[in-house]
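Visitor: Before I ask anything, let me first share the structure, which is written out below as structure tokens.
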Amino acid sequence: MLIFWTIVLFLLGAIVGSFLNVCIYRLPRDKAPWRPQRSYCPHCHELIAWYDNIPLVSWFLLGAQCRQCGSYISPRYILVEFLTAALFALSFWVLNGRDEALPVTAVYLALMSLLIAASFIDLELRIIPDSLTLGVAVLAPVVSVLVPWLHSNPPFGRAYVFFDDNVLGPLCASLVGMAVGALPVWLSGVLGKMLFKREAMGFGDVKFMAMIGGFLGWKLVLVTFFLAPFFGLIIGVIQLIRTKDHHIPYGPFLSMAAIIAMLWGDRIFIATGISRLF
Ligand SMILES: [Zn+2]
């Protein structure tokens, strides 16, 4: 059964990834992801037939070219589909069996999808649209009340903040998570500007981390904050050697760190001893 559901989650992830590709193209260009409903080629604007729009398959069958105009289709399409599929399957393996795993996993999968879309938009255009940060952040307290297990998982020492009550507890945990997510990124942005005299961290990253904190709570968003520089450092050094470009978008690293925090953050929190500080 485990294998069956892993395959189902993988295929679901591939379909979601296909939709994310549409969002990655349309959202920063101020186009609604659902209009027009059918996908079209960004070069010749010809609608794409369903058999040319099968996740994980069509890109290879078409040889990375549009059937109508022959223009090149970026490998980003297959990459996003495969990444989302793999993450969905992996999350199921890792989170399966935890307390109240189903609703928490559902929220995490939605959040991971959003992180993937935001990351690829940030990579391409160096922005994260407000609709993916503030627009989703306002949902976090509501989702937290509906799925309070996001903020309470006693075996790993997670707990509500200030209130034990099942409404006020997760509500408060979500708001505190937003503040704890935003504050250190904002501070390092201000500090970086003072020290290096240039934009180190954009305000988009602050809003992005507030949104992440609203769902993950203050502990896991702190894990995210401390993990992200490690990813940034590795990729940043590679890019510096390759292109001499100092400006690297930080959204993808925050996303990678947040995904690790969702899957293994509790263990990291305990293993690194951060939990003993509180
Ligand atoms: Zn075309």
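The values are calculated or read from the model by the stated rules, or taken from the named source; none is laboratory data. Fair warning: this is a prediction, and the values are worked out from it, not measured in the lab. Quick reminder, even Gly has a Cβ in these numbers, built from the backbone with ideal geometry, and neighbours come from all protein chains shown.
Visitor: Mind listing whichever residues of region 17-68 are over 19 Å from residue 115 (Cα atoms), part of a helix (DSSP H, G or I) and either in contact with a helix residue (DSSP H, G or I) (Cβ under 6 Å, 6 or more places away or on another chain) or aromatic (Phe, Trp, Tyr) (or both)?
Guide: 50, 51, 52, 58, 59, 60
Visitor: Right, something else. Of the residues that make up region 110-120, is at least one more than 20 Å from residue 221 (Cβ to Cβ), surrounded by 17 or more Cβ atoms within 10 Å (Cβ to Cβ) and within 16 Å of the ligand (Cβ to nearest atom)?
Guide: Looking for residues that are more than 20 Å from residue 221 (Cβ to Cβ), surrounded by 17 or more Cβ atoms within 10 Å (Cβ to Cβ) and within 16 Å of the ligand (Cβ to nearest atom), one finds none in region 110-120, hence no.
Visitor: Let me confirm something: among 71, 18, 58, which residue is in contact (Cβ under 8 Å) with a residue 24 or more places away in the chain and either away from the ligand (no atom under 16 Å from the Cβ) or crowded, with 18+ Cβ neighbours inside 10 Å (or both)?
Guide: 18
Visitor: OK, next. Residues that are over 16 Å from residue 20 (Cα atoms), crowded, with 20+ Cβ neighbours inside 10 Å and in the same structural domain as residue 24 (by TED's automatic domain parsing): does region 92-107 have at least one?
Guide: Yes, region 92-107 has at least one match.
Visitor: Does region 230-238 contain any residue that is in a loop (DSSP other than H, G, I, E, B) and touching a residue at least 24 places away in the same chain (Cβ under 8 Å)?
Guide: no
Visitor: Continuing with this model, one more query. Would you confirm whether or not region 47-68 contains a residue that is farther than 30 Å from residue 263 by Cα, among the hydroxyl-bearing types (Ser, Thr, Tyr) and modelled with pLDDT under 90?
Guide: no
Visitor: Give 71, 152, 113, 119 a once-over and let me know the one that is assigned by TED's automatic domain parsing to the domain that holds residue 172 and of a type outside the set (A, V, I, L, M).
Guide: One residue alone meets the criteria, 152.
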